[in-house]
Amino acid sequence: MKQNGGKSSVWVRRTELTTPAHSMKMMSGAASSKADEVMLDLEDACAMSQKVGARKTLVEAATTLDWSRKILAFRPNNLRTHFFFDDMVDIIGGAGKHIDVLILPKTEYPDEVNYVDRLLSHLELKFGLPVGRIGLEVLIESSVGILRAEEIARSSPRMQALIFGVADYSGDTGALLTTDIFSAYHYAKQKTIAAAKAAGLDAVDCVTLKFKDLALTQKDAEMARAMGFDGKWAIHPGQVDVINKAFTPSPEEIEKAGKIIAAYRQADVEKGLGAIVVGEEMVDRATIRVEERKLAIARKAGLLH
């Protein structure tokens, strides 16, 4: 993934912490957290009365707080609302060089992503930014979005991740929001993962709404990692450490990954082999990608240098 503003050339999304864009205090707390990505939110986290004024506060936070070790994202209002266009102009114009990612909510059609891609290109040109520098993550949070997830995932070269949004999906389908968000939403989660991975994107799981229940947050995060998600949304800084730990490889996994990569590289240089056996496992370029990602996450967590 691209290098941006001195940040790691491999972006890791174990945690995506969402914070209301109208609150400088909350955004400051998010900046000092250990979240891999912070989303400054103009949509659901902002009351109707706060949406316009929050744009100015968001720009101030994006341009004055230290985001150097984080992916900095913002979420505009739904593009079907009258807030969307001014959200885009004001934020890209005021803080575009600091924004890494735009998170597009309630996405249902690939044409919506195409439109936002073109609008971003125009705004990047207008405000003197490199065209294409701002990435896209898309929230899949309706039955229509789930059924079109594959098309959405491949709809723009800016695409970096798909995120499953459980609350809006629940409201759309009528599924209950219980503490077991895996049984009721198994298909939607797996569809999001498959669509993302097929397009070479990250897949990010939904929030644990009972944010004070850290045992539940941990359980959900561990289940999400086991399913194939790369990370998980957080709605409170208190969830960040728990989620990071769940998505961080263990010391045993890190050691094993290092040995596999070293053996693979040696076999390539000395014997020209693209597939080898390490222990009882077959290793090729596809499995090496998995091991390399483990080490990238370990470096992000400060476990490797």
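So is Ile99 within 17 Å of the chain's Cα centre (by Cα) and assigned to a helix (DSSP H, G or I) or not? Considered against the rule, which asks whether it is within 17 Å of the chain's Cα centre (by Cα) and assigned to a helix (DSSP H, G or I), Ile99 comes out as no.
All conditions but one from (1) among the small types (Gly, Ala, Ser); (2) within 25 Å of Ser32 (Cα to Cα); (3) within 16 Å of the chain's Cα centre (by Cα) apply to Gly238; the one that does not is (3).
Check whether at least one residue in the range 110-122 is among the acidic types (Asp, Glu), surrounded by 17 or more Cβ atoms within 10 Å (Cβ to Cβ), out of contact with any Lys or Arg (no Cβ under 8 Å at 6 or more places or on another chain) and closer than 22 Å to Arg80 by Cα, and report yes or no. Break it down stepwise before answering.
Residues of the range 110-122 that are among the acidic types (Asp, Glu), as a first pass: 111-112, 117.
In the following step, the residues that additionally are surrounded by 17 or more Cβ atoms within 10 Å (Cβ to Cβ) were identified as 112, 117.
Restricting the remaining residues to those that are out of contact with any Lys or Arg (no Cβ under 8 Å at 6 or more places or on another chain) gives 112.
Now restrict to residues that are closer than 22 Å to Arg80 by Cα: 112.
Yes, because at least one residue in the range 110-122 is among the acidic types (Asp, Glu), surrounded by 17 or more Cβ atoms within 10 Å (Cβ to Cβ), out of contact with any Lys or Arg (no Cβ under 8 Å at 6 or more places or on another chain) and closer than 22 Å to Arg80 by Cα.
Within the range 141-155, residues that are in contact (Cβ under 8 Å) with a residue 40 or more places away in the chain have Cβ atoms under 7 Å from residues that are part of a loop (DSSP other than H, G, I, E, B) and aromatic (Phe, Trp, Tyr) in these pairs: Arg148/Tyr109, counting only partners at least 6 apart in sequence or on another chain.
Going by the conditions given, is Gly228 in the same structural domain as Val144 (by TED's automatic domain parsing), under 23 Å from Glu108 (Cα atoms) and surrounded by 14 or more Cβ atoms within 10 Å (Cβ to Cβ)? Taking the combined requirement at face value, the residue satisfies it. If we scan the range 48-61, do we find a residue that is surrounded by fewer than 21 Cβ atoms within 10 Å (Cβ to Cβ) and not in a helix (DSSP H, G or I)? Within the range 48-61, none of the residues are surrounded by fewer than 21 Cβ atoms within 10 Å (Cβ to Cβ) and not in a helix (DSSP H, G or I).
For the range 65-80, how many residues meet the condition of being under 18 Å from Tyr115 (Cβ atoms) and part of a strand (DSSP E or B)?
Filtering the range 65-80 for residues under 18 Å from Tyr115 (Cβ atoms) gives 74-80.
Imposing the further condition that a residue be part of a strand (DSSP E or B) reduces the set to 74-75.
Qualifying residue count, the range 65-80: 2.
Can you list the helices (runs of 4 or more DSSP H) found entirely within the range 237-305 that contain at least 1 residues being at pLDDT below 90 and out of contact with any Gly (no Cβ under 9 Å at 6 or more places or on another chain)? Before you say what the answer is, go through the steps one by one.
On the way: elements: 240-246, 251-271, 285-300.
Passing ranges, in order: 251-271, 285-300.
Residue check: Asp220 meets all listed conditions (1) more than 27 Å from Arg148 (Cβ to Cβ); (2) surrounded by 15 or more Cβ atoms within 10 Å (Cβ to Cβ); (3) acidic (Asp, Glu) but one, namely (1).
Would you check which residues across the range 178-225 are among the basic types (Lys, Arg) and either touching a residue at least 24 places away in the same chain (Cβ under 8 Å) or assigned by TED's automatic domain parsing to the domain that holds Val290 (or both) and list them? I'd like the intermediate steps shown before the answer.
First, the residues of the range 178-225 that are among the basic types (Lys, Arg): 189, 191, 197, 210, 212, 219, 225.
Lys189, Lys191, Lys197, Lys210, Lys212 - these are the residues of the range 178-225 that are among the basic types (Lys, Arg) and either touching a residue at least 24 places away in the same chain (Cβ under 8 Å) or assigned by TED's automatic domain parsing to the domain that holds Val290 (or both).
Say we look at the range 261-293 and pick out the residues that are of a type in the set (Val, Ile, Thr) and loosely packed, with under 12 Cβ neighbours inside 10 Å; which of these is nearest to Phe247 (Cα to Cα)? Don't jump to the end; show me each part of the working.
First pass over the range 261-293, keeping only residues of a type in the set (Val, Ile, Thr): 261, 269, 276-278, 283, 287-288, 290.
Narrowing further to those that are loosely packed, with under 12 Cβ neighbours inside 10 Å: 269, 277, 290.
Working: Val269: 32, Val277: 27, Val290: 13 Å.
Taking the candidates together, the pick is Val290.
Here the range 190-222 is the region considered, the condition is being in a loop (DSSP other than H, G, I, E, B) and among the aliphatic types (A, V, I, L, M), and the residue that is farthest from Arg289 (Cα to Cα) is Leu209.
The values are calculated or read from the model by the stated rules, or taken from the named source; none is laboratory data. Note that the structure is a prediction, hence the values are computed from the model and not measured. Note that we place each Cβ from the backbone using ideal geometry, even for glycine, and neighbour counts take in every protein chain shown.
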